[in-house]
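Student: After the structure tokens below, expect a handful of questions from me.
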Amino acid sequence: MPDGMTFETIPEALLTDCAQLVKANSIEGNKKDNLTVIFTPADNLKKTGDMAVGQVSFHNDKRVKRVHVSKRENPIVNRLNKTKVERVVDHEQEKIDRLKAEHALRRQAAAEKKKADLELARQREAEKAARSYDSLFNVEEDEDEASKPHKSVKELEEDFM
């Protein structure tokens, strides 16, 4: 499935095409009309040891999609068979690659969020310092004046004039 698509968002036209393909490739289904094809994710399948061969049930019936196929539509099947591509698939390696890519995206998003939070914290600290009265009396200036010799009142008046 493409990125961003979930089982619930699969278009109805795609489900119809898949149902036609399932009917065409089924030995019994190809001979019958008015079939219902059931689609569900693999993790929704429930198989217990006491079930017969080929029998399954579902954990959640809301995650099951049923598509009614009244009869085989050859134009759909022919169109799909023309675009058929057969390749050897290593499902385990594809899953590992997909998980690595998703992990890299999550890590990048987390780094960007951390950077944004740090910048926001700096801005808030700067605003807090600007509103604070702590820097009103600077200690360094007081120390500089304390190290200078004090002038008498008479000297200050003379300097004034």
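Student: Only Lys, Arg, Asp and Glu count, each charged at its Cβ (+1, +1, -1, -1), so figure out the dipole size of the chain about its Cα centre, rounded to 20 debye.
Tutor: 2500 debye
Student: Ranked from highest to lowest mean number of other Cβ atoms within 10 Å per residue, what is the order of the peptides 32-38, 113-119?
Tutor: 32-38, 113-119
Student: What does the helix-only formula give at 222 nm for the chain: each DSSP H stretch with n ≥ 4 adding -39500 (n - 2.57), the total divided by the residues, and the result rounded to the nearest 500 deg cm²/dmol?
Tutor: Value at 222 nm, helices only: -17500 deg cm²/dmol.
Student: By average Cβ neighbour count within 10 Å, what is the ranking of 63-71, 43-51 from highest down?
Tutor: The packing order, highest mean first, is 63-71, 43-51.
Student: Can you order the peptides 20-30, 78-88 by their average number of other Cβ atoms within 10 Å per residue, highest first?
Tutor: Ranking, from highest mean packing down: 20-30, 78-88.
Student: Further, regarding this structure: Just add up the charged neighbours of residue 33: K/R +1, D/E -1, any other residue whose Cβ is under 13 Å from the Cβ of residue 33.
Tutor: +3
Student: Further question: Among the lysines, which fall within straight-line cross-link reach of residue 31, defined as a Cα-Cα distance under 27 Å, with same-chain neighbours fewer than 8 residues apart omitted?
Tutor: 23, 65, 71, 82, 84
Student: With the full set of protein chains in place, find how many percent of the accessible area of the chain is carbon and sulfur; take the probe as 1.4 Å.
Tutor: For the chain, the apolar C and S fraction of the accessible surface comes to 54 percent.
Student: If you work out semi-axes √(5λ) of the Cα gyration tensor in Å from the coordinates, which of (i) 28, 19, 14; (ii) 79, 18, 16; (iii) 32, 20, 12 do you get?
Tutor: (ii)
Student: Right, something else. log₁₀ I(q)/I(0) of the range 10-57 at q = 0.16 Å⁻¹, via Debye over equal Cα point scatterers, no solvent, to two decimals?
Tutor: Debye curve over Cα of the range 10-57, log10 I(q)/I(0) at q = 0.16 Å⁻¹: -0.60.
Student: Still on this structure, I have one more. Roll a 1.4 Å probe over the protein chains and send me the accessible area per residue for the chain in Å².
Tutor: 89 Å²
Student: Angle between the Cα long axis of helix 91-131 and the longest principal axis of the chain, 0 to 90 degrees, nearest 10?
Tutor: Roughly 20 degrees between the two axes.
Student: Let me ask something else. Which residues make up the longest stretch of the chain that has no chymotrypsin sites (Phe, Trp or Tyr not before Pro) in a DSSP loop with at most 16 other Cβ atoms within 10 Å?
Tutor: 1-132
Student: Right, here's the next one. Given a 1.4 Å probe and heavy atoms of the protein chains only, how would you sort 61, 97, largest accessible area at the top?
Tutor: Ranked list, largest accessible area first: 61, 97.
The values are calculated or read from the model by the stated rules, or taken from the named source; none is laboratory data. This is a predicted model, so every value here is computed, not measured. When we count neighbours, we look across all protein chains shown, and the Cβ atoms used for this are built from the backbone with ideal geometry, even at glycine. Remember, those area values only see protein heavy atoms, side chains included, never the ligands or the DNA or RNA. Shrake-Rupley method; radii C 1.70, N 1.55, O 1.52, S 1.80 Å.
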